[in-house]
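Bear in mind these aren't lab numbers, they're just calculated from the coordinates by the rules spelled out. Nothing here was measured: the structure is a model prediction, and the numbers come from that model. Counting neighbours? That spans all protein chains shown, and the Cβs are built from the backbone with ideal geometry, glycine included.
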Amino acid sequence: MKYEGRYPSGPNGERLPSYQVAVGCEVHGDAVAVQEALDDLRNFMTPAPIRSIEAWLAELSVLTAGRGREGLDAELLVSAYTGRLSQYPADVARHVLLGKSWKWFPSWDELEKLCEAMASPRRHMIAALERGPVEPEKPRQEPTQEERDRIDALVKEMFPKASKEWREAAAHEAAKPDYLRR
């Protein structure tokens, strides 16, 4: 998995807590291993039965502070949350409802952020497994003498005040076949 950091700031410029986001996945292995991993991950995306989600919501409502909802309000809340939570894997839905400690009954925004943080890596893994292993990059060829001469000329033009030794070292470094991979 490949993750990137996010460093949000609030409306007044204050720093909010940073967090990591899954942005990709790399796959290695033969076709059989890839297919087995894909099958396993698809199983881990199975949503919980509606009755289970409703029971978890009822338990959460008893555990959290706040004015309890009654009648139509309670039915609408359970229906809306159940429909949304059924789009996530069962273990994710259960964890965000009961595995985390809530003082107040959470808003859908709070639950959705947690669900996405937990389910997103699985989605990236499934997408990568469906694509299959990536072919390794072919090794780059050594530059021709003409290309070396062009690099030397560019370095001289860009850094006319630098010493000759520095320019030669810079041109040599830029001419290495793996220079752009760093």
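Some observations on this one:
- Dipole axis of the chain (+1 Lys, Arg; -1 Asp, Glu on Cβ), positive-most option in Pro47, Val96, Phe159: Phe159
- CD proxy at 222 nm, helix term only [per DSSP H run n ≥ 4: -39500 (n - 2.57); per residue of the chain; nearest 500]: -17000 deg cm²/dmol
- Partner lysines for Lys113 [C-alpha distance under 24 Å; skip if fewer than 8 residues away on the same chain]: Lys2, Lys100, Lys103
- The chain, dipole about Cα centre (Lys/Arg Cβ +1, Asp/Glu Cβ -1), debye to the nearest 20: 500 debye
- Part-to-part distance (alpha-carbon centres) for region 111-182 and region 79-101, which is given in Å: 42 Å
- Sites excluded, GluC sites (Glu not before Pro) in DSSP loops with at most 13 other C-beta within 10 Å, longest stretch of the chain: 71-136
- Relative contact order of the chain, pairs being alpha-carbon contacts under 8 Å that are 6 or more residues apart, as %: 25 percent
- Cα-based helix-to-principal-axis angle, 31-43 vs the chain, degrees rounded to 10: 30 degrees
- Likely footprinting exposure, Cys115, Cys25, fewest C-beta neighbours within 10 Å first: Cys25, Cys115
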